[in-house]
Every structure is written in structure tokens, then in C-alpha cells.
Amino acid sequence: MSSFFRKYQLLIIVAFLIGLAFTIYSSNLKATSETSFLRRAIMDTYAPPLRAASFFFTGIKDFWNNYVFLFHLQRENSELRKSLDLLTENTVQMKELLLENERLRKLLSLKERSSARLISTEIIARDAIGGLKTIMINKGARDLIEKDQAVVTHRGVVGRCIEVSSNTSRVLLITDINSSVDALVQRTRSRGIVEGRGTSLCELKYVANTEDVMIGDLVVTAGLCGIFPKGLPIGTVSRIEQNNFGLFQYIELKPSVDLNKLEEVSILLPAGD
Amino acid sequence: MKQFLLLLAGGLFLILIQAMPVNFFFPNAVTPNLSLAFMIFVAIYYPSMGSWLLAFLLGYVLETLSGCPAGLLILINLSILLLIRLTNRVMSFASLASQLTLVFLLNILIDFLLLTVSQIVIKNPPGLIVPRVLVSSTLTTLLIMPLFAFYNKNPFMAEG
């Protein structure tokens, strides 16, 4: 027996490793809610060097922008001041609308919307495989992060948490091929599902050919899936193709958030957490 | 054992480089697959039983730091090792040019395989996918070239 094993040692070990890989792959096909202990340990082990590298390179980028690239600052400053004036004007109008909305809701005895809490976090890693769209953030279960919590920035939706370890979490971006978010066109309230394409764009699917959608329309979350609250910006329509024979239009979206330049994001904790 | 640990540390370090959010070093949506190139290096220069375990471990760690389905990258690493070991009986990868060509071609193959498995190839036009794969493969080959060049001049790992 031992001579048999010695003779075919390499073959047995290779066959065992391949069999183990297939076992891991097939066990992954089952939907489980827990990230395995080994995966959590690897994510937590890699977190400190990734955090250090992220801090280092962000420092270099900040130094370049703040001290070396000065000749753009003057123009950027005046453009930002103009944007600020416009936004201040819009804020005042929005505030008025908000107050009116609250009064009307009270009149109609509608339930008050509870506000969610935001936890800010930094991105410490991107997906190690280029075609996939996930990022790693430096907050985990210890910071009350759970699977399927929404990840946003002030510009709009980024994605949702798919894996959580003690100190880090993995976020599936809306541009990933496996991502889908229920959505509606803000102007016309046409409903659809925003799916990622594995590139920097998304697709708004299942919008009927008869629905009115235009380039430039803002698409927001519909709030039905229980992950994203209603009304968060997802993207703007950048291309439309109408099919004479099919049921649905082909609508391409440019995400509101520039997912290639993300440095910080916020996790939306449900109210009460 | 020392060689195994050295190679394991090297592989883990390259995976760390691959996962860093250094967008201003690499063009958007292009990530060099340094761990794949490293596996080719191991397959050529470390023909011992430990290389199979190395392929398994590095594949598992890379899967954990990516959104790839668990088990897929392990299978890819083991397949690369098997392919190169079998091909080595027929043709030699002794020269730098043949090694870099192998890295470039295998990188294209694996990239297309991963994009096909994740259905990105189906949902996007070839005009978008092909340049991305070519740029990624070229970048990977250029980045791993110093390792192969250095080892060709200073072979320090004994076979076996």
C-alpha cells in the first residue's frame, strides 16, 4: 500500500487538490448567508497592509493635487464658487418643498419616514481580478456592518455589502454583472431593473417600448427590494435603442457615482441601529 | 521548505499589489494578473510537489480578495501548472522570449475564460472586451519581465 502511494504520490496529491477545488466550487453554488471562517481570516489579515498602502498612495495623490498641481486651483476655485451659489439657491427651494411635503403628509396622516444612519468608510482594495467589480472597505461586523446593507455616496448608489468579516467588508458595485437594483425613471416613474454589465456602465432592463424615456433622464432607486431606500440616484440615461420586434427598450446608464475614482463611501444602516 | 515559503510570500505579496486601489498607476478597468504570471514562473522553475500546494493556496487567497466564485481560480492555477508541466516535455521554455510569450498568451486565455464565465463577454461588444484583455496582458507581461529576466541570469532555486 505504501509503495503504491509512493509510486503515485504526485498523481494522488494533484487529484486530491483538483477534487478539493471542485468541492469548494460546487459548495459555493449553494446560497449561504455566512462567509466562511477562512475567508474572513484572509480578509482581516490583508486589511492592515491594504489600509497602509491606501493611506500612502492617497497621501501622494493629495500632495500632488494640493502642492504641485497649483496652477489649476484658481480656475477650479472660481468654478466651485459658482456651483456653490447655485446649490445654495437649490437648497433653499428644496427646504421649502421638504417642509411643504411634511405638512401635507401630516394632513393625510401618512406614516413618517424614518431616517437611516450613515457610517463613513474608506476603500482599501479593489477587486484583484480586473473584470469583476467589487471593492473592499475597512469596516466590518465590529462596526455593525451586515450583509446586504446599502453603500452610497452623496452623489448616489455605489452598491451593497456581500461579504463581511470582523474588520472589513466586500461591496458589490452596481456595475458588476451580478448586481441588480430595482429602479424607476424619476421624470416618468417608469419602472425597471438596473443591472451591471461588467464595464463602467449599467443597463436599465425591462422597460417597455411604449414607456417614455429620454437621454439625460435621471434613474433612481424604487425602494422595493428592501436594500436601497427610495429615491437615491443610480445614474443618467446615456443611450436608448428601441427594438421594433421586442417588448423592451435597450437603455444604457452612466452611473451617478464615478466608481473608478472612489476613495470613501458610506454604509446605510437601517433606522434603529 | 525554505523555497516553498519564499515563493508563498512572493505570491501573497503580488496578490497584495494586484488588490491595491492604485487607479492612477493602472488605466481604468485594467488590472494586471500578476499572480497568474507568478504561477507560470513557479510552473517553469519550481517543478516540485510543493508547487501544487502553492497553486492551491494562492488561488484560494486570490479568490477571497476578489468577487470570483470560490474554487474557480484554484482550478485555473492547477490547470496552468498541469498544462506547462505537460508542455515542458515537448518544448522547452528556457529563453526569456518564450517565457514572456507564454505569459502573454496564457493571460489572454485566462482573461477570456474569466470574462466568459462571468458572462461579461456575452453582454458587451468585442470592441470593448478585446482591447481591455490585450492591454491587461501586455501590462502583466511587462511587469513580470524583471522577475523572469533576473532569474534567467541568476538561477538561485535548485530544482526538486
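The values are calculated or read from the model by the stated rules, or taken from the named source; none is laboratory data. Bear in mind that the values here come from a model prediction, so they are computed numbers and not experimental data. Cβ atoms come from the backbone with ideal geometry, glycine included; neighbour counts cover every protein chain shown.
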> For segment A:130-145, what are the residues that are in a loop (DSSP other than H, G, I, E, B), more than 11 Å from chain B (Cβ to nearest Cβ) and of a type in the set (Lys, Arg)?
Replying inline: A:Lys139
> Within the group B:Ala19, B:Ala70, which residue is in contact with an Asp or Glu (Cβ under 6 Å, 6 or more places away or on another chain) and at the interface with another protein chain (Cβ under 9 Å from one of its Cβ atoms)?
Replying inline: B:Ala70
> Cβ-Cβ below 6 Å, separation at least six or inter-chain, first residue in segment B:4-15 and closer than 17 Å to B:Asn33 by Cα, second small (Gly, Ala, Ser): which pairs?
Replying inline: B:Leu14/B:Ser35; B:Ile15/B:Ser35
>> Condition first: of a type in the set (Val, Ile, Thr), more than 18 Å from B:Pro131 (Cβ to Cβ) and modelled with pLDDT of 90 or more. Now tell me which residues in segment B:85-116 satisfy that.
In response: B:Thr101, B:Val103
> Any chance segment A:169-183 includes a residue that's over 14 Å from the mean Cα position of the chain (by Cα), modelled with pLDDT under 95 and surrounded by fewer than 24 Cβ atoms within 10 Å (Cβ to Cβ)?
Replying inline: no
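Against the condition within 8 Å of chain A (Cβ to nearest Cβ) and either surrounded by 23 or more Cβ atoms within 10 Å (Cβ to Cβ) or touching a helix residue (DSSP H, G or I) at 6+ places or on another chain (Cβ under 9 Å) (or both), how does B:Ile84 come out, does it pass?
When the stated conditions are applied, B:Ile84 does not pass them.
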> Can you tell which of A:Asp127, A:Asp148 is within 21 Å of B:Cys68 (Cα to Cα), more than 14 Å from chain B (Cβ to nearest Cβ) and acidic (Asp, Glu)?
Replying inline: A:Asp148
>> Residues that are among the small types (Gly, Ala, Ser), in contact (Cβ under 8 Å) with a residue 24 or more places away in the chain, under 30 Å from A:Ser179 (Cα atoms) and more than 8 Å from chain A (Cβ to nearest Cβ): does segment B:31-53 have at least one?
In response: yes
> Looking at segment A:91-111, is at least one residue in contact with a strand residue (DSSP E or B) (Cβ under 7 Å, 6 or more places away or on another chain) and surrounded by 11 or more Cβ atoms within 10 Å (Cβ to Cβ)?
Replying inline: no
> In segment A:134-141, is there at least one residue being at pLDDT 90 or above, surrounded by fewer than 20 Cβ atoms within 10 Å (Cβ to Cβ) and closer than 30 Å to B:Ser137 by Cβ?
Replying inline: no
>> Looking at B:Ser98, B:Ser51 in this structure, which one is surrounded by fewer than 16 Cβ atoms within 10 Å (Cβ to Cβ) and of a type in the set (Ser, Thr, Tyr)?
In response: B:Ser98
>> Can you find, within segment A:221-249, the residue that is surrounded by the fewest Cβ atoms within 10 Å (Cβ to Cβ) among those that are under 17 Å from A:Thr175 (Cβ atoms) and not polar (S, T, N, Q)?
In response: A:Arg239
